[in-house]
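Visitor: One structure follows; several queries about it will come next.
The values are calculated or read from the model by the stated rules, or taken from the named source; none is laboratory data. Source: prediction; values computed, not measured. Cβ coordinates were reconstructed from backbone atoms using ideal geometry, including for glycine residues, and neighbour counts include every protein chain displayed. Note: areas computed on protein heavy atoms with side chains; ligands, DNA, RNA excluded. Shrake-Rupley method; radii C 1.70, N 1.55, O 1.52, S 1.80 Å.
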Amino acid sequence: MSGAQRWTKKGLIFSPKEHSEWLVSHAALPVADRIEDIYRVYFSSRDKHGRAQIGFFEIDLDSPEKVLRVSEKPVIGLGSLGAFDDSGVTTSWIVNHGKRKYQYYSGWSLGVTVPFYFFVGLAVSEDGGETYQRVSSAPILERNAVDPYLTASPCVLVEDGRWRMWYVSGTGWEMKDDRPRHNYHIKYAESADGIHWNREGVVCIDFQSPEEYAIARPCVIKERDIYKMWYSYRGQSYRIGYAESVDGLKWTRKDRDSGIHVSESGWDSEMIEYPYVFEHRGEHYMLYNGNGYGKTGIGLAVLERSGW
């Protein structure tokens, strides 16, 4: 198993500004997709009504502080009225499979007895990620006996024709300070085609204390026969956690080894969350959010070679 990590923060690389009607505030849940020699970073931004939609910016990792391009409009916008994603869509994961890009996302709708609902949706691109079309107006992970409350934020790897998903699953709602509060952890599912999923209720990352109530946005990679997962967990505020597994099903939490923490001051001093880890030219990079669930923008960190 791996030892403790040490991540070096490189600072903010994208700050949300009023670029357009869809990009008024927030840049949350970054996902990187390599396009030749640059990286397209998909993220969720909010319009003036607070509704999230998905767009992207592009960077060269040799000079990540310089944004090369920002999408003029969302690549995945709001769903149709009454659909599961009519009040917001947030980024989660991209799978490059054949000539298609499968973008998994979380679709949001407003509730009455609880503030919101969200479920996993899927949109596919056949033009290199410039545009996406939903595979269905319905979620691909709807409520069932395994997931009776909500599903969100999937991470998907394809291994020998088997699609493997780690995703957020709601365990219920409870009243806290006279307001309903969600509880969710991370479960596992499998598929033969990336669209139709078999869920058996396998819990991968569970709560480890009574104070914890949200474990979010898993990011899984496999290296040297070890599965490695970064995720967000919180009681009072989000922190980045880390776990390892030999089979992708049974995980050991090693949060103290995550190697990245809140700063003493600045844009990520209150919370740190939504990590996305990827490898480029032998180096490991992490995109992540800080204060306000993406309100302050997207940061970049690099793993020290001696720190893992």
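Visitor: About the Cα centre of the chain, what is the dipole size in debye to 20, counting +1 per Lys and Arg Cβ and -1 per Asp and Glu Cβ, all else neutral?
Guide: My answer is approximately 180 debye.
Visitor: Please grab the % of Cα pairs in the chain that end up more than 37 Å from each other.
Guide: Values: 3533 of 47278 pairs.
Everything past 37 Å amounts to 7 percent.
Visitor: Positive end of the dipole of segment 24-63, charges at C-beta (+1 Lys, Arg; -1 Asp, Glu), about the Cα centre: which of F57, I38, A28 has its Cα farthest in that direction?
Guide: Checking the options against the dipole of segment 24-63, the answer is A28.
Visitor: List the pairs from K99/K228; K17/K101; K17/K66 whose alpha-carbon separation is above 19 Å, in the order I gave them.
Guide: Correct reply: K99/K228; K17/K101.
Visitor: Please give me, ordered by residue number, the GluC sites (Glu not before Pro) of segment 244-308 that lie in loop per DSSP and have at most 10 other Cβ atoms within 10 Å. Walk me through the numbers before you get to the answer.
Guide: Working: sites: E244, E264, E270, E273, E279, E283, E304; in loops: E264, E270, E304.
Passing sites in segment 244-308 are E264.
Visitor: Then there is this: Subtract the Cα-Cα distance of D127 and L110 from 0.36 nm times their separation in residues, and report this length gain in nm to one decimal.
Guide: Contour length minus Cα-Cα distance gives 2.9 nm.
Visitor: Which length gain, in nm to one decimal place, applies between E211 and H49 when the Cα-Cα distance is subtracted from 0.36 nm times their residue separation? Please list the in-between numbers first.
Guide: Working: separation 162, 0.36 × 162 = 58.32 nm, distance 3.19 nm.
Extra length from E211 to H49 when fully extended: 55.1 nm.
Visitor: Label S20 and V146 with points 7 Å out from Cα along Cα→Cβ: what is the distance between them in nm?
Guide: Distance between label points: 3.7 nm.
Visitor: If you don't mind, another one. What is the packing order of peptides 154-163, 226-235, 63-72, taking the mean over residues of other C-beta atoms within 10 Å and listing the highest first?
Guide: 226-235, 154-163, 63-72
Visitor: In addition: Give me the accessible area per residue for the chain, probe 1.4 Å, as a whole number in Å².
Guide: With all protein chains present, the chain gives 45 Å² per residue.
Visitor: Run the quick spin-label model on D255 and A138: label points 7 Å from Cα toward the beta carbon, then report their separation in nm to one decimal.
Guide: 3.7 nm
Visitor: List the relative contact order of the chain as a percent without decimals, with contacts defined as Cα pairs under 8 Å and 6+ residues apart.
Guide: 17 percent
Visitor: On a full-extension model of 0.36 nm per residue, what is the gain between E223 and D178, subtracting their alpha-carbon distance, rounded to one decimal in nm?
Guide: 11.7 nm
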